[in-house]
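A quick write-up on the structure given underneath.
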Amino acid sequence: MITIENQIITVEETTSTNDLAKHYAKQGASEGLVITAKRQTQGRGRRGRIWHSQTGGLYFSILLRPKLPPTETAKITLLAGIAVVETLREHYGLAAELKWPNDVLINGKKIAGILTEGSISSSGNYIIVGIGINTNQPAPTLPEPIQPTAGSLVEFINDPLDNQVLLQQFLARFNSHYYPFVQGTHLKLLDLVRKYTSLLGQEVLVVTDQATYRAQALDIADNGALIVEKPDGTKHKLLAADVTVRRQS
Ligand code: BTN
């Protein structure tokens, strides 16, 4: 197995670590570069959402240059989610679960989110995996609109979390999955997604750019898509890039 030392650049503040990582990517930085910031002024999530990034949380982005077809690169978000789940389970004993495709929950509350962005350009292809984890922000200090659905690790752990230790633990986990994956020797990725994902077998609300509907989440397809069945019996494969899936309230 390849082991790689991640070069880590830490800044006090930036707009978004994804943007800073892109800046370095365009300058030709190597795979494995990690950018982390103590706070972000324009942290963002999927589908144009804001990622609230006050001091206390862990915000970072990893630069990757996988030589894979686009259908495979879509699985990297799932791989990062697995690494977050395993880190929280193994090092902190937390009942973390994956909410396909890009969230990590504990007790139904969103603790972490993943935003994967990519580019094909003259300076080479790259993928940025941006991860935000609510660690030391007490839940009442999270913005009011997200309080019903968001949580923070500090609610589950007595001592304050060391974000840099958590980052190192995550990177060890991530690397242990990523390098076998890009070499084609990781045979259990989808099994791990199935094992940790909290949606399978449940009634869910599917929201796409085109439609909103209720369905049952059935399985994860070979390409990482979520297979759902509508009440009329039709089955659909939902790609991570296109949809948001929510539990029904
Ligand atoms: C989501 O839940 O929709 C994804 C949230 C991703 C947030 C992280 S924080 C580090 C990186 N920089 C950003 O601006 N976003 C990601």
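The values are calculated or read from the model by the stated rules, or taken from the named source; none is laboratory data. Keep in mind that this is a model prediction, so the values were computed, not measured. Neighbour counts run over all protein chains shown; Cβ positions are idealised from the backbone, glycine included.
Restricting 132, 118 to those that are buried (at least 20 other Cβ atoms within 10 Å of the Cβ), in contact with a Phe, Trp or Tyr (Cβ under 8 Å, 6 or more places away or on another chain) and not basic (Lys, Arg) reduces the list to 132.
Each row is one residue, and each column tells you yes or no for (1) touching a helix residue (DSSP H, G or I) at 6+ places or on another chain (Cβ under 7 Å); (2) hydrophobic (A, V, I, L, M, F, W, C); (3) over 23 Å from residue 17 (Cβ atoms).
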| position | (1), (2), (3) |
| --- | --- |
| 167 | no, yes, no |
| 174 | yes, yes, no |
| 191 | no, no, yes |
| 220 | yes, yes, yes |
| 224 | yes, no, yes |
| 239 | no, yes, yes |
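If only residues of the stretch 154-170 that are in contact with a strand residue (DSSP E or B) (Cβ under 7 Å, 6 or more places away or on another chain) and either among the charged types (D, E, K, R) or within 15 Å of the ligand (Cβ to nearest atom) (or both) are counted, the one that is farthest from residue 9 (Cα to Cα) is 166.
Pairing each residue of the stretch 136-156 that is assigned by TED's automatic domain parsing to the domain that holds residue 103 and of a type in the set (Ser, Thr, Tyr) with any residue that is in a loop (DSSP other than H, G, I, E, B) and surrounded by 17 or more Cβ atoms within 10 Å (Cβ to Cβ), provided the two are 6+ apart or on different chains, yields C-beta distances under 6 Å for 152/134; 152/137. Number of residues in the stretch 205-225 that are of a type in the set (A, V, I, L, M, F, W, C), surrounded by fewer than 15 Cβ atoms within 10 Å (Cβ to Cβ) and under 23 Å from residue 82 (Cβ atoms): the value is 1. For the stretch 91-107, taking the residues that are assigned to a loop (DSSP other than H, G, I, E, B) and at pLDDT below 95, the one that is surrounded by the fewest Cβ atoms within 10 Å (Cβ to Cβ) is identified as 107.
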